[in-house]
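FYI, it's all coordinate maths here, none of it is from the lab. Small disclaimer: the values here were computed from a predicted structure and weren't measured. Positions of Cβ are backbone-derived with ideal geometry, glycine not excepted, and every protein chain shown enters the neighbour counts.
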């Protein structure tokens, strides 16, 4: 897994590439915690991700809940690779509506529904 | 048996026509998952029925093409003109094989080999496979193909992993009386698990006495056959791992085809243990396996996922609600979870019995489903019913239930309604298969009857006998009705005739470069 971080004011963009799998999920968790501590809006770019597993889907869900609790915003960019969409579908994570606790009932698992 | 083989041929010709139409449609819409599914299902049915009725050559050949289309279905191979060309050629070859089984022209094995070789070239990594000639041997080199053929992907992976670990592979053939089947199976499973890893359980249809069930268990162990005999009470048959001899095959047969008439819809809640990843099992693969058993909808429940600071990257917090409509019975579902059942929560409920008992038009309301599942109390439901919003939205807004639970219940509601609607349509469109020869004979007989009826009417008019005239008029009325009905039965939908020309047009266009 490769990670590139770009910060601009109160916004940070985390660009991931390569494998987003259980072997890397602790590194991903640490990165997300650090970013959510330091800025108010986190953009996650997964365009160049080549593999995603259930462990990382769970982690992104956890990050979304954590951001809500901190009253911050976590968004996955619109350019979602097919491999990521398929992982969501295979794991049954697709959603039509977001959690009631989130702002505007947004949800990472609704396409374009950040 | 000949009658069944004849029925298979009839069905296979229809499936091949459907396959051709689907392939031509697929060329125009190469990413249409539904059409890819139709192609896959046609081949899967030809393969399954072919093996069942003794058309082993057709089953084996179709299996290879089905494998390629499984990769297409999983997005690993894209649909190209070359793939369509090869699959159409393969389809033609299957037709020739069918014709040959009826005494038609012999099949061209060289061409069949070329088709298969070209199809295999389309599989990603096939070149690597060639280069890696020293790599692991195909399972069929080590184990009887009849066994390998019935293994699921998960079982195949487990088998291969054990062979790679130099474990010996054994099988046990067990017979139990039907009432004791569950307890006998549980007992032998428990014993095997103490000695090694249970890989698969398959029912056997051959040589089964009335009132008994026969099944074969495949397992891996590093123990000797003698010590296993002492532990299991029966001498297992070793099928790999003997010094100096491989492939002393355990003879088996394909599992008996499922003969259930109705599709049953189940609600499954699967909550794996937190440490399932650490045990080397990917629960998503189990869901994939479940999807292969029927029409399936899966909703992940994410409410147990903790915040980042409490998150253990190696734990599985997700659990699933699955709505599955299948003809394969509850045991096929349990088999999917056989290796994780001891550590997981698995609840399987029948929510639609295939129409044997229900006479309701629709299905339960959302609130009823959630209360029945134990996800919502009656009190909470009543509390929120006082407002006017849709029930799902109200429940989520009220914070008494998670969005995933509502989505899962809505999917169940929609799924069962769809299943019941499809069943109603199928019932109204039910048809029987009658050979065209018999219909032609019926048309001829009706033709003769019309002639005789005409003579009767003329004779009655000539004799001017009121009673005879009355009978002749009645016969005329009945004959006219019979003639009209018979003609409508013998008429073919014009689409079937014209669809044959699509392939001809495509072939001509290719040859002319247009």
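Here are some notes:
- The average projected area of chain A, computed from the convex hull of its Cα atoms over all directions, is 6.2 nm².
- Stretching the chain fully between residue B:234 and residue B:4 yields a gain of 79.0 nm (0.36 nm per residue, less the alpha carbon separation).
- Label-point separation, residue B:190 to residue B:468 (7 Å along Cα→Cβ), nm: 8.7 nm
- Taking the DSSP bridge list for region A:1-89 and keeping only pairs wholly inside it, about 35 percent are antiparallel.
- Computed helical MRE - 222 nm, chain A, DSSP H runs ≥ 4 contributing -39500 (n - 2.57), nearest 500: -11000 deg cm²/dmol
- A crude spin-label estimate for the pair residue B:353 and residue B:292, with each label 7 Å from Cα along the Cβ direction, gives 3.1 nm.
- Beta bridge orientation in the protein assembly as shown: antiparallel %, DSSP, nearest 5: 80 percent
- At R0 = 25 Å, FRET efficiency that the Cβ-Cβ distance of residue A:37 and residue B:274 yields, to 0.05: 0.40
- Inter-label distance for residue B:386 and residue B:110, nm, one decimal - labels placed 7 Å from Cα along Cα-to-Cβ: 8.6 nm
- Extended-chain gain in nm, criterion 0.36 nm per residue less alpha-carbon gap, residue B:80 and residue B:331: 86.5 nm
- When A:109, B:320 are arranged by Cβ crowding within 10 Å, least crowded first, meaning fewest neighbours, the order is B:320, A:109.
- With 20 Å bins from 0: P(r) over the protein assembly as shown, alpha-carbon pairs, percent: 14, 41, 33, 9, 2, 0
- Net length available on complete extension from residue B:511 to residue B:422 is 27.8 nm, with 0.36 nm assigned per residue and the Cα-Cα distance removed.
- Relative exposure of B:299, B:396, judged by other C-beta atoms within 10 Å (fewest first): B:299, B:396
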